[in-house]
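The values are calculated or read from the model by the stated rules, or taken from the named source; none is laboratory data. Not measured: the values here are computed from a predicted model. So basically every Cβ, Gly included, is an ideal-geometry build from the backbone, and we count neighbours across all protein chains shown. Note: areas computed on protein heavy atoms with side chains; ligands, DNA, RNA excluded. Shrake-Rupley method; radii C 1.70, N 1.55, O 1.52, S 1.80 Å.
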Amino acid sequence: MTTKEAVLQALRSCSGQYISGEELSTQLNVSRTSIWKAIKALREEGHTIEAATNNGYMLIHNNRRLTESEIRQGLSENNRNIEIHVYDSVTSTNSEAKRLALEGAADGTLVVSGQQTAGRGRLGRSFYSPKEGIYLSVIIRPRFDVSKSVLITCAAAVAVAESVKEIAGKDARIKWVNDVYVDDGKVCGILTEGMTDFESGQIEAVIIGIGVNTDVSNFPDDLKRIAGAVDGDYSASELAGAIASRTIDYAHNIEERTFIDSYRSMSTVIGKKITVYKGQYKVNPEDEIEGAAAEVKTIDDDGRLIVVYEDGTEEALSSGEITIRM
Ligand code: BTN
């Protein structure tokens, strides 16, 4: 941990109270000058740190601010050194991650933004990305083959649901394949994209893009009907770090499928009657398109949805869209 990160941790642990420069320097066993430099760097990064003569420093908690040092604190030990790019606003973190991947960005590189001006969703849809949200993309240099792509998306959904529980204390559930819900609202969408080397036909990088709503009160009415938010008093940076870290760990160990039992237990669709849409998709929620009635038997170890149609035939779905019938 760098001095800057240690100072941030110490300031957070005495939240709402001042801590003197001397105390910080004794606690962290570094010079007063190093403390001063760390405070300066943290302020430059966007943290508000008040200084009062004779009292020392106090961190003013802004729990929705995305800063590199706080995101790093949310990462597990083995991901502590990943490259992190933080923006106030970008077109799309997936597009930015793709650009970085083309320039040779390393496995595990993380792109985080507080807003997107051209957020992308699945099936060519746009993803509404106002500043009340956390948008992130992780670059994975695959150690697996393309057939694992559904699993990657399942892994990311579990990473989100577990992190939401850990950091924000909310129970999240997953609608196959990759929508995360809290109560009845969709709080997160995931878009996984592959970059293929045209000559070798090999996957060069997988970009896992994750968008989490933190407040939907200003969403347009049509989105408000389906969207939910991970609200409450938690650090957005910590949540971003926890999600990224779990996603990287699960992706690196995809063959072990350590997340698949959690995926099944958090599923909203197992045992439910659904409508399956294949080939054509709803662009708007109110679009009327033809689907086939089925019941979900289970989700297999490859993340495929095992459905039984009304005529008794069974199918394993790797992609497509479903709605739950009431
Ligand atoms: C969906 O629900 O259709 C998937 C939405 C995925 C949105 C995320 S936000 C971060 C990343 N950047 C994008 O442009 N899209 C993904």
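Charge dipole (Cα centre; +1 on Lys/Arg Cβ, -1 on Asp/Glu Cβ; no other charges) of the chain amounts to roughly 620 debye.
In the chain, a dipole from Cβ-located charges (positive for Lys and Arg, negative for Asp and Glu) runs towards its positive end, and of 188, 234, 172 it is 234 whose Cα lies farthest in that direction. Bridgeable aspartates and glutamates around residue 4 (alpha carbons under 19 Å apart, same-chain partners fewer than 8 residues away excluded): 22, 23, 44, 45, 50, 68, 70, 77, 83, 238. Computed on protein heavy atoms with a 1.4 Å probe, the accessible areas place 259, 198, 127 in the order 198, 127, 259, largest first.
How much length, in nm to one decimal, is gained on full extension between residue 18 and residue 102, taken as 0.36 nm per residue of separation minus their Cα-Cα distance?
Gain on extension, residue 18 to residue 102, equals 25.7 nm.
With the convex hull drawn over the C-alpha atoms of the stretch 107-230, the volume per residue is 115 Å³. Multiplying the residue separation of residue 224 and residue 61 by 0.36 nm and removing their Cα-Cα distance gives an extension gain of 55.8 nm.
Find out how many positive minus negative residues lie around residue 234, taking Lys and Arg as positive, Asp and Glu as negative, among other residues whose Cβ is under 13 Å from that of residue 234. Once positives and negatives cancel, what remains is -1. Atom-type composition of the exposed protein surface of the chain places 45 percent of the accessible area on carbon and sulfur (1.4 angstrom probe). Per-residue SASA remark: residue 61, around 100 Å² accessible (1.4 Å probe; ligands, DNA and RNA not included). Straightening the chain between residue 91 and residue 27 buys 18.8 nm, computed as 0.36 nm per residue apart minus the Cα-Cα spacing.
The mean of 1/r over all pairs of different alpha-carbon atoms in the stretch 1-141, once inverted, gives a Kirkwood hydrodynamic radius of 16.7 Å. Taken over the chain, the ratio of Cα radius of gyration to 2.2 N^0.38 Å equals 1.09. Take the Cα of residue 289, step 7 Å toward its Cβ, do the same at residue 313, and the gap between the two points is 2.0 nm. Applying the Karplus relation 6.51 cos²θ - 1.76 cosθ + 1.60 with θ = phi - 60° to the stretch 247-254 yields 3J(HN,Hα) values of 4, 5, 4, 5, 5, 5, 10, 4 Hz, where x marks Gly and Pro. Here the stretch 176-301 was treated as a single set of alpha-carbon atoms; its pair distances binned every 10 Å from 0 give 10, 30, 37, 21, 2 percent. Taking a 19 Å limit on the Cα-Cα distance, which of the listed pairs 131/170; 273/297; 98/278; 224/273 fall beyond it? Pairs exceeding the cut-off: 131/170; 98/278; 224/273. In the full protein context, the chain carries 48 Å² of accessible surface per residue, based on a 1.4 Å probe and ignoring ligands, DNA and RNA.
Based solely on its DSSP helices, what 222 nm [θ] is calculated for the chain when runs of n ≥ 4 H residues each add -39,500 (n - 2.57) and the sum is averaged over all residues, nearest 500 deg cm²/dmol?
Result for the chain, helices only: -8000 deg cm²/dmol.
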